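Undergrad: Below is a structure I'd like to ask you about.
Just so it is clear, none of the values below were taken in a lab; they were calculated from the coordinates. Every value quoted in this text rests on a predicted model; they were computed, and no experiment measured them. Virtual Cβ from ideal backbone geometry, glycine too; neighbours counted across all protein chains shown.
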Amino acid sequence: MMMLEAAQVLAGIQRRDLVKYLKSHPELVKELPAHRSIPDKVSSFNLKIVSPDITTLARSQEIKKEYGLLSNDALLVYIMKDTGLTNLASNDSDFERLDFIRLYRPTPNS
């Protein structure tokens with residue numbers, strides 16, 4: 001959300017350069033207010049947020065080895081398996097290799 005907000009404020013900066021620009025202009029980061037409301041909005045969704053611990057991180061290595069996933073994807077898949085979740089919304093085709101996940105991929109607007 002911060003990047004979206006910054007892209008609107010800094011229309012002249014290329015999106016690929018936003019992070020570098022913001023890192024070199026911390027005073028601008030201090031002035032971006034909209035993204036600060038995200039925690040309050042997320043808490044209103046009645047979500048359960050799962051934080052991995054070191055055991056989860058270690059066990060996710062098995063998923064990497066078994067399915068050839070990158071680290072963050074393997075961690076996500078392990079957490080999904082551990083919590084019994086099977087539905088995933090992602091545009092990452094790597095998840096298509098996992099038969100126990102129902103992948104919901106965004107479609108372009110027509």
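Undergrad: Over all directions, average the projected area of the Cα convex hull of the chain and note it in nm².
TA: The number I arrive at for the chain is 10.1 nm².
Undergrad: Let me ask something else. What's the exposure ranking of T86, T107, going from fewest to most Cβ atoms within 10 Å?
TA: T107, T86
Undergrad: Please name which of S60, L98, H25 has its Cα lying farthest along the dipole of the chain towards the positive end, using unit charges on Cβ (Lys, Arg +1; Asp, Glu -1) and the Cα centre as origin.
TA: Comparing the listed Cα positions along the dipole, H25 ranks first.
Undergrad: Test of understanding: ordering M1, M80 by Cβ neighbours within 10 Å, fewest first, what list do you get?
TA: M1, M80
Undergrad: On to the next question. Enumerate the calculated ³J(HN,Hα) couplings along the stretch 71-82 in order (Karplus 6.51 cos²θ - 1.76 cosθ + 1.60, θ = phi - 60°), each rounded to whole Hz, writing x wherever the residue is Gly or Pro.
TA: Once rounded to whole Hz, the list reads 3, 5, 5, 5, 5, 4, 5, 4, 4, 4, 4, 5.
Undergrad: Can you give the percent of C-alpha pairs in the stretch 54-104 whose distance is more than 14 Å?
TA: 45
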